[in-house]
């Protein structure tokens with residue numbers, strides 16, 4: 001059984017499903033309101049647990065009812081919550097999400113307690129947990145905490161897997177310690193501080209090469225319905241992996257986290273990088289056919305069944 005620590009955000013998602021997004025200064029009143037569990041870190045932790053991994057969540061929530069809900073949901077999904085701290089000074093992280101009839105999303109986040117997870121708290125938790133196969137992090141927590149997590153992961157001999165979202169400039173020392181970085185087609189350019197100027201496929205290959213030169217071992221770029229692009233140290237060209245086809249598109253919220261969870265499961269279980277990417281694509285295709293960033297995450301038997309059918 002793979003053992004994985006996830007250091008990251010824990011949110012409650014307030015979601016409205018509606019026919020179309022409102023224009024500026026327009027009110028659209030045909031929505032259906034639901035509450036779901038979210039946060040990139042918590043999504044990835046639940047995804048990994050459903051795949052059969054032993055998962056430790058390291059994060060922070062408020063001393064409020066939303067924090068109670070978030071912790072109980074993680075526990076109910078088999079995630080170890082011994083290292084989820086409570087913060088009196090602010091609220092549990094919240095996300096406000098609009099989902100249109102095509103399943104596309106508009107998201108705004110109030111990070112709350114996520115922004116108060118300190119480097120020393122994350123380090124203390126990682127060292128207390130000890131031996132893990134991989135450590136996952138995202139950028140919804142402070143960058144100095146991510147930097148410390150990357151360093152401690154290296155010291156513990158764990159693979160450090162980074163989701164660079166929300167996208168921002170990443171210190172080079174973090175990139176040098178990164179086993180895999182998983183941006184989407186927009187994030188990869190933002191973390192490099194530039195915009196694409198030529199054909200997207202050429203630009204993506206150049207950007208992936210640039211990240212590998214900066215020290216990243218593997219770059220996996222998620223491209224939505226176009227699949228994923230993989231570039232690893234020692235490869236001549238970017239490898240394009242087609243997307244697995246979903247039964248239908250209901251809600252794309254959390255699709256990237258589903259991909260990352262399944263990819264990380266594959267890597268931590270000894271699968272090849274390219275097979276792990278294919279597994280991630282299958283996970284994402286199942287997730288987008290269901291509502292909810294966490295509720296829609298698949299279990300291992302579902303993933304293996306779809307893998308056998310592809």
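Where a number appears in this text, it was derived from the coordinates with a stated rule and is not lab data. Predicted model only: the values in this text are computed from it and were never measured. Heads up, the Cβs are rebuilt from the backbone with ideal geometry, glycines too, and the neighbour counts pull from every protein chain shown.
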Subset tally (residues that are assigned to a loop (DSSP other than H, G, I, E, B) and either under 27 Å from residue 89 (Cα atoms) or in contact (Cβ under 8 Å) with a residue 12 or more places away in the chain (or both)) for region 28-46: 3
Residue that is nearest to residue 70 (Cα to Cα) [pool: residues in region 282-310 that are crowded, with 22+ Cβ neighbours inside 10 Å and touching a strand residue (DSSP E or B) at 6+ places or on another chain (Cβ under 7 Å)]: 294
